[in-house]
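What follows is a single structure, written as C-alpha cells, with notes after it.
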Amino acid sequence: MVSKKVDLSVKIKDFKLKNPIITASGTYGYNNEFDAFCDVKKLGAVVTKGITVEARAGNDGDRIFETTGGMINRIGLENVGIQTFIEEKLPVLQKCGIDFILNVAGSTPENYIELAKIAQENNFKAIELNVSCPNVKCGCIEYGVNKQALYELVLMVRKHFDNCLIVKLSPNVTSPEEMATAAQSAGADAVSAINTVRGMGIKLDFVNGEFRKTSVAGGLSGKTIKPVALSFVDRISKVIDIPIIGMGGIYTLNDVFEFFSVGAKAVQIGTANFTHPDIAEKLVDDLEKFMIENNFKTIDELQKKLMEA
Amino acid sequence: MKKNHIGTIKNIKEINKTVYSVEFSSPTLKNITPGEYVSILCEDLTLRRPFSVADFENGTVKVLIKKRGKGTQYLSNLKVGDKIEFSAPLGNTFKLENKKTLLIGAGIGVAPLFYLNKKLKEIGVETYFAAGFLTKDDILGDFDFVSTDDGSKGEKGSICDFLKLLIAGVKPQKIVCCAPHPVLKIIATEAAKKGIECEVCMEKIMACGIGVCRGCVIQIEKDGKIENATVCKDGPVFNGKEVVW
C-alpha cells in the first residue's frame, strides 16, 4: 500500500525517519529479531537494547512481573556490550536496511563519553541516552532524576557526538519541565518520554498458615502508564522546543494520535510488541491508510490538526 | 514464514478439575517439532501465555492447560469455533535421536513428552514413559509407570523417589524430563552421576518469546564459562549437564 500522495517521514535534527513509528529500547532486540513477525525495515527506526561499554549479565532472580494492564521488568541492562554490538549486531542492521537509534547506558560519565565517541566514529545517525542508571561515582544518584546531573551528562555527551542526540526522560521526577529544560539547554536534539515508571509487584500465597511472598521491583510499562506518559509529554511540550518522541502504553493508532495531540513528533512502541509482536508494522500501515483516506499529506499537517483539537 | 497466527478452536475438553485439553489449528501454521511451544494471546492480558505442544497432527495443535490464573481461565472457557491469536513455533526442540529413552514427567510437565514420545516411536526409538502426579485424579493419560504422592494410584511417592529404580530397570541411553524446577534438578543431577545424556524442558515467565527482552534467563555452563540463556528462545530444552542448578 505505497502511495506517493502521503509523506510519512519525520525529521529530528538531520535524522530523517521514514515514518514516526519507532520501537522502544529493550523490547525489540538489537536488529531484525522481530522479522519473524514484522517487516522491520518498514519501521521508522528500531531503538537498540540499552548498550553499555562492557557486556552485562543483568540481574539475578525474577525479572518480569505482569500487572493489571502492564508489566514490571528488572532486567538489569543485560546486553552484549558495544564491541560485540558493532561486530555482530550492526552488520545485520546495515544488511537489512534497518534505521536504528543506539540506546546507550553507563554507570560513570566516562562510560557515556566512550559510547558517544564510538557512536561518532561509526557515524551512527542517532543515539538515545538512557539516564535511568545510577551514577556510581556520584552517590549513585540517577542522572535522570537530578537536573544538574542530567545537564552535565548531556553537555558532556554533546561534545563527543554531533549527530542526533536524544535524551530519554524518566517519569520518576517531581518536575518533568525542569528535566526536559535541562536536556534542551545542554544541547539535546530531542527527548523521548517516558521511560518506565518505578513500581513493585507482589504475589502472596497463604500456604499451611504461612504467607509466602514474592516481589519484583522495577520499571512499570504497558497500557497502564499511558495517562502518566500523556501528562508528562503535555507538560514538557509547553516548555521545550526540541522534538518529543512520546511513548508509554501505545497499542493503537488512536494512542499514537493522543501523543501527537499533546506535542509528540514521533512515538515509540514498547511493551505492546510483547502482546502483539506484529503491532509496529500494523501501526505504520494504519497510519498510512488513515492519512490517505482523510487527505493528510504530511505528518506535520496531521500533527497540527491534532494539536489544535 | 511469519510466526503470528489466527487459530480456530477445534476441540476443548476438561480432563480433570483443573486441566483442559485445547486443540486448535491455523492455515498458516505448517509444522511444530517436539519441544517447540506456542504462546497464546489471552484477551487483554499484556503477556502471551506459553504452552508446550502435547500433539500436532494434521495441522492441529494440542495443548494441555492447567487453570492457574486469568490467562488459563480465559483459555479454559473457549468454545469450539472461537478464534485465538498465537505465536508459533517458538523455542528449540528436543533432539530426535535413536537412543533408548526414559521420559519422565511430573504433573502438567508430561505435556511436551506426549508429543516427543509419539515422534520417537514413529522413528522406531524404544521409549519408557514415567510420570508422577499428586493424586489419581490428577493423572493425565496412560504411562508405562505412574506414581502418586498419596498412593491413590500406581506407586506411592514422588517420581523422584523411583528415579534410581527406573534408571536401573529401563537402562536408558538418554533421559528426557519436564517437571517443576526442583524435580528437574534431581533428575539431571542423577543422570549426570550415571553418565546418562539428559535433556530438561524448562519453564519460566516470559515476555517476548523470542529472546530479545532477556526476561526469562537461566544460567548455563559451557566450556567452563557461565552465561545467560533464555528459556524462550535458547530453550525450553537444555542439556541437563549445562544448566547451573
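The values are calculated or read from the model by the stated rules, or taken from the named source; none is laboratory data. Everything quoted here is computed from the prediction, not taken from an experiment. Cβ placement follows ideal geometry from the backbone for every residue including glycine, while neighbour counts extend to all protein chains displayed.
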Does residue B:12 meet the test of being in contact with a strand residue (DSSP E or B) (Cβ under 7 Å, 6 or more places away or on another chain) and within 28 Å of residue B:130 (Cα to Cα)?
yes
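This table checks each residue for (1) surrounded by 15 or more Cβ atoms within 10 Å (Cβ to Cβ); (2) farther than 24 Å from residue A:222 by Cβ; (3) β-branched (Val, Ile, Thr).
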{"position": "A:49", "(1), (2), (3)": "yes, no, no"}
{"position": "A:57", "(1), (2), (3)": "yes, yes, no"}
{"position": "A:62", "(1), (2), (3)": "yes, no, no"}
{"position": "A:66", "(1), (2), (3)": "yes, no, no"}
{"position": "A:70", "(1), (2), (3)": "yes, no, no"}
{"position": "A:77", "(1), (2), (3)": "yes, no, no"}
{"position": "A:87", "(1), (2), (3)": "no, yes, no"}
{"position": "A:98", "(1), (2), (3)": "yes, yes, yes"}
{"position": "A:110", "(1), (2), (3)": "no, yes, no"}
When the residues of segment A:69-116 are narrowed to those that are assigned to a strand (DSSP E or B) and in contact with a helix residue (DSSP H, G or I) (Cβ under 6 Å, 6 or more places away or on another chain), which ends up nearest to the other protein chains (Cβ to nearest Cβ)?
A:70
When restricted to A:293, A:258, A:288, the only residue away from every other protein chain (no Cβ under 14 Å), without any contact (Cβ under 8 Å) to a residue 12 or more places away in the chain and charged (D, E, K, R) is A:293
For segment B:195-214, name all the residues that are touching a residue at least 40 places away in the same chain (Cβ under 8 Å), within 7 Å of chain A (Cβ to nearest Cβ) and under 14 Å from residue B:46 (Cα atoms).
B:205, B:207
Residue, farthest from the chain's Cα centre (by Cα), within segment B:43-66, restricted to residues that are surrounded by 19 or more Cβ atoms within 10 Å (Cβ to Cβ) and hydroxyl-bearing (Ser, Thr, Tyr)
B:46
Count of residues meeting criterion [under 23 Å from the mean Cα position of the chain (by Cα) and loosely packed, with under 14 Cβ neighbours inside 10 Å] in segment A:273-303
0
Residue A:222 fails exactly one of (1) within 13 Å of another protein chain (Cβ to nearest Cβ); (2) at positive phi; (3) surrounded by fewer than 24 Cβ atoms within 10 Å (Cβ to Cβ), namely (3)
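Among the candidates B:55, B:44, which residue alone is within 14 Å of chain A (Cβ to nearest Cβ) and among the acidic types (Asp, Glu)? Spell out how you get there, then give the answer.
Numbers: B:55 fails: within 14 Å of chain A (Cβ to nearest Cβ).
Only one candidate qualifies: B:44.
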Among the residues of segment B:215-231, count how many are in contact (Cβ under 8 Å) with a residue 24 or more places away in the chain and exposed (fewer than 15 other Cβ atoms within 10 Å of the Cβ).
1
So which residues in segment A:106-124 are at pLDDT below 95, touching a strand residue (DSSP E or B) at 6+ places or on another chain (Cβ under 8 Å) and not hydroxyl-bearing (Ser, Thr, Tyr), if there are any at all?
A:109
Scope segment B:111-126; condition surrounded by 21 or more Cβ atoms within 10 Å (Cβ to Cβ) and either farther than 20 Å from residue B:89 by Cβ or among the small types (Gly, Ala, Ser) (or both); matching residues
B:111
What is the residue count in segment B:78-98 for residues that are within 14 Å of another protein chain (Cβ to nearest Cβ) and assigned to a strand (DSSP E or B)?
7
Can you name every residue in segment A:1-57 that is under 19 Å from the mean Cα position of the chain (by Cα), within 14 Å of chain B (Cβ to nearest Cβ) and basic (Lys, Arg)?
A:42, A:49
Quick check: is even one residue across segment A:227-246 within 14 Å of another protein chain (Cβ to nearest Cβ), outside any helix (DSSP H, G or I) and of a type in the set (Val, Ile, Thr)?
no
